[in-house]
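Okay, structure first, notes after.
The values are calculated or read from the model by the stated rules, or taken from the named source; none is laboratory data. This structure is a prediction, so every number in the text was calculated from the model and none was measured. Note that we place each Cβ from the backbone using ideal geometry, even for glycine, and neighbour counts take in every protein chain shown. What goes into the accessible areas is simple: the full protein's heavy atoms, side chains included, and nothing from ligands, DNA or RNA. Shrake-Rupley method; radii C 1.70, N 1.55, O 1.52, S 1.80 Å.
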Amino acid sequence: MKQVYLDYSATTPVKKEVLEEMIPFFSENFGNPSSAYTIGYKSRGAVDLARQRVASLVGAKEKEIFFTSSGTEANNWAIFGVCDAMKDKGNHIITTKIEHPAVLNHCEFLEKRGYKVTYLDVQKDGIVDPKALEDAITKDVILISIMLINNEIGTIQPLKELCQIAKKHNILFHTDAVQALGNIPLDVKELGIDLMSISAHKIYGPKGVGALYIKDGVKISNFMHGGSQEHAKRAGTENLTGIVGFGKAAEIAKEHLMEHIDRLTELRDYFIDRVMLKIPNVALNGHRSLRHPGNANLRFDYIEGESMLLFLDVKGISVSTGSACASEETTPSHVLTALQIPIEQIHSSVRFTLGDFTTMEDLDYTIEELAVIVEKLRQISPISK
Ligand SMILES: *Cc1c(COP(=O)(O)O)cnc(C)c1O
């Protein structure tokens, strides 16, 4: 049966060139990067090269990139590290209602320990109103954390403007850029970011490796304590193969960035337009154009997204409702809830995310199957007229 993977925002396959570059570092070049002999130096060199490649993709200096075990760890470290380092200055964090759980749940953890957290509302298209940020600032705010691209609805925030507000008030700004990396031009200096989380497995690299960008001069406390790896800022023997893979994936992403964006945008727009043309009562969640080039989050009136997911799976098509990290939960998506979408429409939403191996034929097949499934489900739906 045909297999169509349309869940690239959950994870991506490791590209062949990435895997090839990783393989020697499992057993041949297995040295500990901290060891003071030749095979150790080889590993050290490989980590340095990867750091250079990742830094280059985001416009950072090499010494500003710190490898972690995931995007999740980078988010936790950024928030914890700033709050701990700045505890004498204040105890107030500003974030949004649509962040990834790795940000939201860490903020809740800190709330239980005496921190004050403001969760900003977003507008109906998922965009944060810069004025709402400005209005939420108090003298106790030590950190603003707002994601660059949302993982469910793909909305791109006006980050430069939001960063400028933070700077005006002398507040550190962190962004979760996991979905943005390799999917839009991303330059930390241009945007004015202080801290940024990224992850390898969303850009055709391996799972279990991420990084935190920490602007030169920004002081944050350590999160992992132990050896003096990563300039004594993140302890633990480096995930050598993972870091090598991340570096190669970053190099490929940089080389093909514009071509990747143009191709995905074209496929995404084709998909959205065709689905809406062929199927009545479909709407798009999130902003139409300020959007991840591969994201189509659609709601199909009178249908349960979960049923749709299962019927599509039977046809070999992989999609998601909400995000992968929340699919075990039955609570409605916190992101769609923040957009003030009525609850039955939240349950009728499905996220399709396209990537480098998606073809026009994949989309045509998906649209055809979708039309059949929607019709079938609407016939049996008690709420459809
Ligand atoms: C996937 C994702 C994460 C988590 O990254 P991991 O490396 O899987 O821990 C964080 N934020 C966003 C927006 C994501 O899409």
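Quick notes
- Candidates 111, 64: the one that is more than 16 Å from the ligand (Cβ to nearest atom) and either modelled with pLDDT under 95 or open to solvent by less than 20 Å² (accessible area, probe 1.4 Å) (or both) is 64.
- In the range 1-27, residue most open to solvent (accessible area, probe 1.4 Å) [restricted to those that are among the hydrophobic types (A, V, I, L, M, F, W, C) and more than 24 Å from the chain's Cα centre (by Cα)]: 1
- Just one of the listed residues (286, 247) is part of a helix (DSSP H, G or I), modelled with pLDDT of 95 or more and not hydrophobic (A, V, I, L, M, F, W, C), namely 247.
- Selected residue [among the small types (Gly, Ala, Ser), buried (at least 18 other Cβ atoms within 10 Å of the Cβ) and under 30 Å from residue 35 (Cα atoms)] from 286, 242, 294: 242
- Residues within the range 204-220 that are buried (at least 24 other Cβ atoms within 10 Å of the Cβ) and within 13 Å of the ligand (Cβ to nearest atom), tallied: 5
- The residue pairs whose first member lies in the range 25-54 and is over 22 Å from residue 65 (Cβ atoms), whose second member is assigned to a loop (DSSP other than H, G, I, E, B), and whose beta carbons are closer than 7 Å, counting only pairs six or more residues apart or on different chains, are 39/29; 39/31.
- Selection count, the range 273-290, where residues are within 14 Å of residue 150 (Cα to Cα) and of a type outside the set (Gly, Ala, Ser): 4
- Output for the range 67-94, where each listed residue is acidic (Asp, Glu) and either over 16 Å from residue 176 (Cα atoms) or more than 16 Å from the ligand (Cβ to nearest atom) (or both): 84, 88
- Tally of residues being on the phi > 0 side of the Ramachandran plot, touching a residue at least 12 places away in the same chain (Cβ under 8 Å) and open to solvent by 60 Å² or more (accessible area, probe 1.4 Å) across the range 222-237: 1
- Options 50, 74: the member that is under 19 Å from the mean Cα position of the chain (by Cα) and buried (at least 17 other Cβ atoms within 10 Å of the Cβ): 74
Here is a yes/no grid of residues against (1) among the aromatic types (Phe, Trp, Tyr); (2) touching a helix residue (DSSP H, G or I) at 6+ places or on another chain (Cβ under 6 Å):
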site: 38; (1), (2): no, no
site: 57; (1), (2): no, yes
site: 65; (1), (2): no, yes
site: 103; (1), (2): no, yes
site: 115; (1), (2): yes, no
site: 122; (1), (2): no, yes
site: 129; (1), (2): no, no
site: 138; (1), (2): no, no
